[in-house]
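No lab work stands behind these numbers, since they all come straight from the coordinates. Because the structure is a prediction, the values reported are computed rather than measured. Using ideal geometry, Cβ is built from the backbone for each residue, glycine included, and neighbour counts are taken over all protein chains shown.
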Amino acid sequence: MSELSPMLNNESAAPAAVAATPAKPAARTGSGVMLGMMALLIALASAALVGWFFYVWQPQLVALQQQQQTLQNQQQSQTALFQSKQEELQQEMQQQLVNVVADWNNKQLEQLQSTQQEIARLQTQLDQQSGNVKGWQLLEVEYFLRLAEQKLFLEQNVSGVVQVLELAEQRLKQMQDASLVAVREAIGQDKHMLSELNTPDMHQLHLTLSALRQQSLTLPLRQSERAMDNQTEEEITEDAADWQSNLGLYWRNFWRGLVQVRASLPEDGVSLTAEQQISVRNTLTQQLLLAELAAMQHNQAVYAAAIQQSADSLQRYFAATEPAVQQMADDLVALSALQVSLPLLAPLKSPQLFEAYRQGTAEAELSL
């Protein structure tokens, strides 16, 4: 029995050892459950954090959407206002052009009728003076003096008047008649009076306005589209300990890509379509043309208004920072300072003296 007891003890100890072996898998299963619970808790915490951020930023997102809608409504209203103002301005410009052209045509018709009457009268006198050399020369001088009066009061062309008076003076010199010295002195006085008038150079003014009209077709327009400032995104670290900063960077990058904010600018309300761009350029061209027509008629009020409207259109719709636009603005400022109207013109003395000479000559011939 003593020999069997150790064997029994060994046999009884073996199952105990075998029974203790399955304890290791149970410990591994418990650790897996703990890791799963921790992952679930982290996922729930992340979802709760994202929900909390969305709840906090939801009012601001709604406010930004409302602000964007308000800006769109303002832009639409400004576009409608621009179109209505543009139509009113075009109608006003067309009416002014019609009035100026009609006035110019009337004056041209009056001048043509007066010239035809003068030619008919001179033709009659020429028929009567055929064979008389002095009579022909006197008729030529009379024609030049009458033409000078017409250019002065109908055309208001001071430089043309001076040229015609010089032609009459040359004819009187060729005649070498002492009885016409008073008429020559009167012509000299008329030329001196005209030289003291402060009259603009109409030829240079015409060239300047014509060049500005051509330039207005290619000037750069001012548009509201602007490139946003490119901001460099912050890099996200790979360290798990920086999860809070990485989450904040993700959130900021998300909102930066969704909404871009910049300061409002005065030209944000200007966004011209292709038709509106053509209309703006045509309006500026018409205003410059109206200024040129008013200068030709020496109408200071219409000329100043047309130049001012041209400067306003240039400042409102064209890119002020471009050199070409700045140069045109400087030219318009210089043109606005010009006085295209003529001062009160006194009648010429030489035609009156020459007419008195002709009447005296005719009376002397009749007395003979």
Expressed in angstrom and rounded, the centroid-to-centroid distance over alpha carbons for region 67-118 and region 275-303 is 8
Other-chain or far-sequence residues with amide H under 5 Å of L221's (modelled H) | A319
In nm, what is the difference between 0.36 nm times the number of residues separating M38 and L109 and their Cα-Cα distance?
-> 15.3 nm
Where Lys and Arg each count +1 and Asp and Glu each count -1, what net charge lies around L348 among other residues with Cβ under 9 Å from its Cβ?
-> -1
Pulled fully out, how much extra length does the chain show between V50 and Q315, if you take 0.36 nm times their separation in residues and subtract their Cα-Cα distance?
-> 90.4 nm
Roughly what would the spin-label model give for E87 and A102, points 7 Å off Cα along C-beta, in nm?
-> 2.3
Any chance you could run the full-extension gain for A301 through Q95? It's 0.36 nm times the residue separation minus the Cα-Cα distance, nm to one decimal.
-> 72.6 nm
Cα→Cβ-extended label distance, 7 Å offset, between V62 and L249, nm | 3.3
Burial order of peptide ranges 58-68, 293-303 (average beta-carbon count within 10 Å, highest first) | 293-303, 58-68
Neighbouring Cβ atoms within 10 Å as the yardstick, rank F318, F153, F82 fewest first.
-> F153, F82, F318
Starting from the Cα of Q214, step 7 Å along the direction of its Cβ; do the same at Q174; then give the gap between the two resulting points in nm.
-> 4.0
